[in-house]
Amino acid sequence: MRTFENQVQLVKYEVLKEVARLTFQDQLEALYVRIPNVVNPGPEPRFRCCIHHERAVTKERIKMAMGGTPAIPGVVEVLDAACDQCPVSRYKVTESCRGCLAHRCQAACPVGAIQVLQGKAMIDESKCVECGRCQSACPYNAIVDTLRPCMKACPVEALSINAQKKAVIDYKKCIQCGACVYNCPFGAIQDKSEIVPIIRKLMAARQPGAPQVYAVIAPAFASQFNYANLGQIITGIKRLGFRDVVEAALGADLVAVHEAGELLSHLEHHRYMTSSCCPAFVDFIHKKHPQVLENVSGTVSPMIAASKLIKAVDPAAVTVFIGPCIAKKAEKALPELAGITDYVMTFEELISLLDAREIRLEELPESPMNNASYYGRIFAGAGGLSKAVVATALKLTPASDVKVVAVAGDGIKACDKLLKLAKANRLEGNFIEGMACEGGCIKGPVALHHGAKDLKALEAYAKLALEEDAIAATRIFDDVEIALGRKLEKRVG
């Protein structure tokens, strides 16, 4: 039985499901009238101050389900009606204040925002510049930092608060990692959806001679549907109208082989190389460490590799990547990669389509899925990419004088530290695996859940692989012309 990790995930699902249902029924002209009343029937509100506010938020979620605001460059947006419940002032004096004689908080404040009234410290919000010096100075820890969850979660400080006390995203800094989407307790930041054009492609594919739609599913799916077997999930996706389901893990095998060879060649003239599978990590390098670009792998991601493989077999194919990642929506639109992966759909969106069509996974027969190796499948967990590349490099040149030593950046903060060490020539390794999400892709912002058992589920799925390693899994593609490299250049803006 399906359960939701939290209420935010539930309300997003409810809107996505209704949009999907109306799209399948070709009744989108009624969505702004019907859906707010279905999701928020009233008369009492479920979560907000009143039913009218809830319906206003639902209308903004409908807009995101329909693709969001075209003029906004990022794949995530702040929902204005939903962003209204966070604390206005960042630092607050609590009841723990003892009214001490020292008044160190008052002395530490550079703008005179702290007064002591009736023996207690008070912060004048109109003067406070949120520097945090008062909090550091208080000997009783009586001043708390109520930094907004979205700002606290953002690893690149791309979020700020405007005059209306609403969150604002600086897209010149944003790396589309989705941390703010997952961490906002009110679901006030959401990713743009492509479910409407995807459904229309699926419906069009029923016509004779029409382009067929193929799903590329991320290996993280193994940890997401705990109420159904893996084979039933594949059957369910096919029931939606997909011609076939290809493992992104097979693309990962192709990447492991290509990137291992690239690494061995690169190390002949350079000290280290980084991975390129995580688009948020690569974007982070572009924006924060552009000097490192020459050491970033030119190998495409598993999503792109799998899509290229499909289109090498069926040039008219429409490819849809399904996974736990928001940054993939930005990656597929990059100029150098445009037109390879046509659409990206999250696991949250997938269950909405399945339920809109009343497809019950747990009641379906199983479909086989045996086209990737153990190493390709463990790409989804932190450190998995490193293991695959190191193992493949060793098999490519077992007697090589070059020893590959991998270090894993688990989360952007860890990646930042490794990149700084690399620039200072203090890196204890020569291959950096960069993952924006702590724990790897299985902990992505739009995963269905983020449980402690996810790694075990991924490992169990990986061990079902029939192929021994990436080289064995990709040997049948020797005669298929598939370009796995791309040119990386510094992006402007």
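For this structure, a couple of remarks:
- Three principal axis lengths of the range 331-376 [C-alpha, angstrom, descending]: 42, 31, 14
- Hull shadow area, averaged, the range 196-477 [alpha-carbon convex hull, nm²]: 14.6 nm²
- Computed [θ] at 222 nm, helices only, for the chain once each DSSP H run of length n ≥ 4 contributes -39500 (n - 2.57): -10500 deg cm²/dmol
- In this rough spin-label picture, where each label sits 7 Å from Cα along the Cβ direction, the ASN229-ARG200 distance is 3.8 nm.
- Sparse-neighbour loop sites [trypsin sites (Lys or Arg not before Pro); the range 251-327; at most 16 other C-beta within 10 Å; DSSP]: ARG271
- Contact order, relative form, for the range 1-66: 33 percent (alpha carbon pairs under 8 Å, 6 or more residues apart, mean separation divided by residue count).
- For the pair LEU10 and LYS173, a Förster radius of 30 Å applied to the C-beta separation gives a FRET efficiency near 0.45, rounded to the nearest 0.05.
- Shape class for the range 1-66, computed from the alpha carbon gyration tensor (a ≥ b ≥ c): oblate, with a/c not under 1.5 and a/b at or below b/c.
- Taking a straight Cα-Cα cut-off under 16 Å and skipping sequence neighbours fewer than 8 places away in the same chain, the aspartates and glutamates within cross-link reach of LYS453 are GLU5, GLU438.
- Under the criterion of Cα pairs below 8 Å and six or more residues apart, the relative contact order for the chain equals 18 percent.
- In terms of distances greater than 28 angstrom between alpha carbons, the cross-link table entries LYS387/LYS413; LYS192/LYS288; LYS166/LYS423; LYS172/LYS417 yield LYS166/LYS423.
- As a ratio to 2.2 N^0.38 Å, the alpha-carbon radius of gyration computed for the range 232-391 takes the value 1.12.
- On the principal axes of its alpha carbon atoms, the range 162-247 extends 55, 32, 21 Å, with the longest extent given first.
- Between the beta carbons of LYS413 and GLN115, assuming R0 = 56 Å, the FRET efficiency works out to 0.95 to the nearest 0.05.
- Residues LEU101 and ASN162, FRET efficiency given R0 of 45 Å [Cβ-Cβ distance, rounded to 0.05]: 0.70
- Relative contact order [Cα under 8 Å, 6+ residues apart], the range 196-477, whole percent: 28 percent
- The separation of the range 136-152 from the range 161-203, counted between C-alpha centres, amounts to 27 Å.
- At most 13 other Cβ within 10 Å, DSSP loop - trypsin sites (Lys or Arg not before Pro), the range 88-141: ARG98, LYS127
- Taking a straight line from the alpha carbon of LYS92, these lysines sit under 17 Å away, with near neighbours fewer than eight places off in the same chain left out: LYS120, LYS127, LYS152, LYS165.
- Diffusion constant of the range 91-145 at 37 °C, which comes from Stokes-Einstein with the Kirkwood Cα-pair radius and 0.692 mPa s, µm²/s: 305 µm²/s
- Built from the Cα atoms of the range 35-76, the convex hull projects on average onto 3.3 nm², one quarter of its surface area.
- Net length gained if the chain between LYS423 and MET122 were fully extended (0.36 nm per residue, minus Cα distance): 103.9 nm
- GLU29 paired with LEU394, simple spin-label distance in nm, labels 7 Å along Cα-to-beta-carbon: 6.4 nm
- Overall form of the range 250-320 per C-alpha gyration tensor (a/c, 1.5; a/b vs b/c): oblate
- Rg/Rh for the chain (Cα atoms only, Rh after Kirkwood) is 1.01.
- Reducing the range 393-442 and the range 55-78 to their Cα centroids gives an inter-centroid distance of 36 Å.
- With 10 Å bins from 0: P(r) over the range 1-146, alpha-carbon pairs, percent: 10, 28, 18, 16, 18, 8, 2, 0
- Straight-distance candidates among the aspartates and glutamates for linking to LYS403, with alpha-carbon spacing under 18 Å and chain neighbours fewer than 8 residues away dropped: GLU259, GLU262, GLU268, GLU428, GLU433.
- At most 16 other Cβ within 10 Å, DSSP loop - GluC sites (Glu not before Pro), the range 267-333: GLU268
Computed from the coordinates by the stated procedures, all read-outs in this text should not be read as laboratory data. What you see is a predicted model, and the numbers here were worked out from it, not measured in a lab. Positions of Cβ are generated from backbone atoms using ideal geometry, with glycine treated the same way; all protein chains shown enter the neighbour counts.
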